[in-house]
Amino acid sequence: MNEPRGLSRIELLQGTLDLIILQTLRWGPRHGYGIAQMIRASSADVLRVDTGSLYPALHRLERQGWIAAEWGTSENKQRVRVYTLTAKGRKQLERERSQWEQLSRAIGAILAPSPEVES
Amino acid sequence: MSERDKEIQEEIAAHLELSIADKMARGASRDDAERAARAEFGNVTHVAEVTREAQRGSGLWLERLAQDLRYGWRALRRTPAFTAVAVATLALAIGANSAVFTVVNGVLLTPLPFRDAGRLYAASYLPTDLPFELPPGLDDRLYLEYRGHVSRFEQVAGYQRQALTLSGAGDATRLAGARASANFFEVLGVQPALGRAFTPQEDQAGNDQVVILSDRLWRTRFNGDRGVLGTTITLDGILRTVVGVMPPGFTFPAASEAWTPLALRLDAGNSFIFPVVGRLRANVTPDQAKSELEAIARAMPQDPRASGFHPTASIIPLKDTLTTHVRTSLLVLAGAVAFVLLIACANVANLLLIRAATRRHEMAVRVALGASRGRIARQLLTESVLIALIGGALGMLVAFVGVRGLLAMAPAGRIPRIDEVHMNGWVLLFTLAVSVITGILFGVVPAKSGAGRQPQEALGQGTRLVGGPHHRLRSVFVTGEIALALILLTGAGLMIKSFLLMRSLDTGYDASRVITMAVDLPPIAYPDAARLQAFHTALLERLARIPGAGRVGAVSYRPMGDMGIMGDFWVEGATPLPHGFSVDKPTVSPGYFAALGIRMVAGRDFTTADRAGSPGVVVVSETVARRLWPNESAVGKRISMVEPPGPNDWLTVIGVVNDVVQDAGLTRHSTIYLPYLQTTSPFFINHMTFVVRPATGAGNVAPAIRASLREVDPAVPAQALQTMDQSMMDTIAEPVFQMRLLATFAFLALLLAAIGTYGVLAYDVTERTREIGLRMALGATPGNVLGMVLRRTAALALLGAALGVAGSLTLTSVLTKSLFEVKPTDPVTLVAVTIVLMLAALLAGYLPAQRAAGVRALTTLLLHE
């Protein structure tokens, strides 16, 4: 029941989820269920996005103007809310991507076995 | 449901439909697919809610606040007893603070009702090393010089309070008024509502028979008739033409009803000191104005008679000159009432801690359900601020009643600017601010400790917790409030002791049943001593004829009046006066000593034979006799009031009487009494107080006294027709007012501290029921248990009292000026209030102690197993 102190976990998750959503929408407009399926598929089933995080994130990104939403119709005639990446969102994606790459390179470097120790 | 909520619902429904369709496409039945989709999706309501929150973004905190408030309100309604006690405590304490603030705001803080009042300053150049205090002012010559040369002020105006007798229109009455220079109204930035201000020509002696009326006087005496302009009214027997009426509310200085020109008339032998107000030029500091005043004053030719005096220049905000004497007492009251609020805070904080203990489960469940600590703490704090705000709202009602009570209790005419005391927006703002701060103050500790619990700990422990972590905190609060209550009690105790000493003071006269009446005889109708004496003789004769009048007499300045004449004198044989020895010099009639019960120690009283033409005589008081003629009889010795004495200026001492207390200083004065029939200067007898001691069993003689005056001269109004006791009470009205308020606040503090002590001990006993039952099962007697609880009470109270005594010793010195013959560190008072406080605390502890002693061993054990 104990939460770890501080907000780091939530912040990280949120930021990462944003990045993932923006990245997913780069391939074209999608509805919420589609985004969830796509994330799941493209992470080889490792990442399952909780709907309780996905929908708030979508609506927040929409409020921030990074994605736009409109009502459309799905392949099986279901009325759905479709999200599109905006120009602003595209720039944000690039920014977050490069930050993410920097971060993962840095973490990678830390975690990579050091040659001196190995030898 | 809003449009946005519907959209979210629809979006979620679509999600589920798509998910179901997917699963059915992979071969699942409709039912299985639906079930799986729902399971995968999770809690629909929750998702809708968090999505909605994300959508709102920054509006969220408001939403949360509203939610916290709703939740807090529900929580408060669930515990009505707690809420009622907390709200009532706070309403009283916040209300008392708002009431005192209302007075402080009106008297000390509100700017004077003049244009740009912050630039109005009083200029003063007077000695500050005299044995008595002079109100700020300039002497007439310096004023004229200063007025002509000042550059730091736009201009300066002189004024002087005066009392005037208005006769003609209706009954003759005394009015408060002022003499004012022609530019007085312009300096203050207030113009007459009707007519005009004085012209510089009218500000010249001999050309000054004009008057400006206050709005109130104009409405009450002249029916608000505009035709009054240009007509004449009689003031002090002088006909004056009404040239203006001031706007409503303008009564400066001090409740003035009429203004006449200052019209200075310089006197070669005397100088005349009066207040001077100026409007500082823009961008000039008071310090610069002060240097200028100093320079102008130093350049004046020095009066050789004033060589012993060391005047200093000062430039004082005009507002401060009105309120100096009440400033300290008002601030003391504000401090006292703030203490009451702190005590109330401690009480409510303790109540919250106790309630938090009973809500442990609720909080633990909320934490377990995922509420963060911050959220819970904020929730609890919102609750306490809500309590404080409700308390503050009711406090406004308390303040409304309180302000009326304060104004009713305030000594008439002693508190300046009392007309400006109103509950206004500032009071509302103050109350709001105090409520919020109070709510945070008493809420923060319970909120932090309430939210800081580990849920499994709290959930697991159930009700078996003994003592608990709040135990110590509660004791700290109780100790603190006992300490604060003791400080207030000490303050009140000192004031009460001082009051008792004043009341039991041997004044040197017997005031019981004595009635006095003062008159001022205008110089127009009574230009010389002979006519004044004739008036006095006639009135004394009429008073003596009143049935039941007993003894009658007259004195120029009675004890416990607001005026007196003091000075020095010369003793035959070139005996020098003891250094700094000065005496009161009242003029009296034969029979005055007997009427006021002043004892003849030696010699005889004046008689009607001691009149103009007969040898000059005086009666001296004991101290005069003892200081001047220590080893001989004073009777027969000669003194003079004139320097150098001519052969006819010697006055023979014919009698010695005891010293009397003359004024608010409440010390016995040395006095030389002069017979009114031998006085040659009108100045000494144009103000006279007649003294009547009714015979035993006589009814109310006041109407007959008034009637006698009307028979002698209907144009002379009766002033201060009242008993000597009343005069004494008027004299000490300010300390009495302060004492009553301090006593009220101290009582409130004591009550709150007792309630707080009771609450904590009662809760202790409840919490320890099991332990007590165990002790009893093991052989403790009810007496042991009673003693145990009382010992804990005494320990808390003693610690609080010790802190309180320490606090008192450092704080009560603020009362020094209000105390009479009592030191602020008076040990008797400290011991007495400590005893009172201990008794109150033990009484508060006795009820729970008795309940503890009544605990039955078996029941408690059974109850908890």
## Note on the structure
Expected single match for in a helix (DSSP H, G or I) and modelled with pLDDT of 85 or more among B:Leu16, B:Leu69, B:Leu60 is B:Leu16
### Query
Does B:Val156 fit the bill of being touching a Phe, Trp or Tyr at 6+ places or on another chain (Cβ under 8 Å) and free of Cβ contacts under 8 Å to residues at least 24 places away in the same chain?
no
### Task
Inspect all residues belonging to the stretch B:25-37 and state whether any of them is more than 11 Å from chain A (Cβ to nearest Cβ), among the charged types (D, E, K, R) and under 30 Å from B:Leu386 (Cα atoms).
no
### Query
Only one of (1) closer than 20 Å to B:Phe272 by Cα; (2) in contact with a Leu (Cβ under 9 Å, 6 or more places away or on another chain); (3) not in a strand (DSSP E or B) is not met by B:Gly177, so which one is it?
(3)
### Task
Please state which of the following conditions B:Ala538 fails to meet, knowing it meets all the rest: (1) surrounded by fewer than 23 Cβ atoms within 10 Å (Cβ to Cβ); (2) on the phi > 0 side of the Ramachandran plot.
(2)
### Query
Between residues in the stretch B:399-426 that are in contact (Cβ under 8 Å) with a residue 60 or more places away in the chain and residues that are part of a loop (DSSP other than H, G, I, E, B), which pairs lie under 6 Å by C-beta distance while being six or more apart or on different chains?
B:Glu420/B:Thr110
### Task
Go through (1) within 19 Å of B:Val47 (Cβ to Cβ); (2) within 14 Å of the chain's Cα centre (by Cα) and name the single condition A:Gln78 misses.
(2)
### Task
Tell me which residues, restricted to the stretch A:77-94, are facing chain B (nearest Cβ under 8 Å) and of a type in the set (A, V, I, L, M).
A:Val80
### Summary
Result of the Cβ filter at 7 Å on the stretch B:1-14, keeping first residues that are within 7 Å of chain A (Cβ to nearest Cβ) and partners that are assigned to a helix (DSSP H, G or I), at least 6 apart or interchain, is B:Glu11/A:Gly32
### Task
Out of the residues in the stretch B:20-57 that are outside any helix (DSSP H, G or I) and among the small types (Gly, Ala, Ser), state the one that is modelled with the lowest pLDDT.
B:Gly42
### Message
If I filter the stretch A:27-48 for residues that are assigned to a helix (DSSP H, G or I), surrounded by 12 or more Cβ atoms within 10 Å (Cβ to Cβ), within 11 Å of chain B (Cβ to nearest Cβ) and modelled with pLDDT under 80, do I get at least one hit?
### Response
no
## Note on the structure
Restricted to the stretch B:549-583 and to residues being surrounded by fewer than 21 Cβ atoms within 10 Å (Cβ to Cβ) and not in a loop (DSSP other than H, G, I, E, B), the residue modelled with the highest pLDDT is B:Arg551
### Residue check, B:Leu489 at pLDDT 90 or above and in a helix (DSSP H, G or I)
yes
### Task
Mind listing just one residue for me: the one in the stretch A:49-71 that is farther than 15 Å from B:Ala14 by Cα and outside any helix (DSSP H, G or I) and, of those, nearest to the other protein chains (Cβ to nearest Cβ)?
A:Asp50
### Task
Could you tell me which of the residues B:Ser808, B:Ser813 is within 15 Å of B:Gly493 (Cα to Cα) and surrounded by 21 or more Cβ atoms within 10 Å (Cβ to Cβ)?
B:Ser808
### Query
Considering the stretch B:200-220 alone, what residues qualify as being at pLDDT 90 or above and among the hydroxyl-bearing types (Ser, Thr, Tyr)?
B:Ser214
### Query
Counting just the residues of the stretch B:90-146 that are among the hydroxyl-bearing types (Ser, Thr, Tyr), surrounded by 18 or more Cβ atoms within 10 Å (Cβ to Cβ) and farther than 16 Å from B:Pro275 by Cβ, which one comes out nearest to the chain's Cα centre (by Cα)?
B:Thr102
### Summary
Expected single match for touching a Pro at 6+ places or on another chain (Cβ under 8 Å) and either within 22 Å of B:Arg161 (Cβ to Cβ) or assigned to a loop (DSSP other than H, G, I, E, B) (or both) among B:Val190, B:Val242, B:Val211, B:Val284 is B:Val190
#### Entry: Odd one out for A:Ser74 among (1) within 14 Å of chain B (Cβ to nearest Cβ); (2) surrounded by fewer than 16 Cβ atoms within 10 Å (Cβ to Cβ)
(2)
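The values are calculated or read from the model by the stated rules, or taken from the named source; none is laboratory data. For clarity, every value in this text was computed on a predicted model and none was experimentally measured. Heads up, the Cβs are rebuilt from the backbone with ideal geometry, glycines too, and the neighbour counts pull from every protein chain shown.
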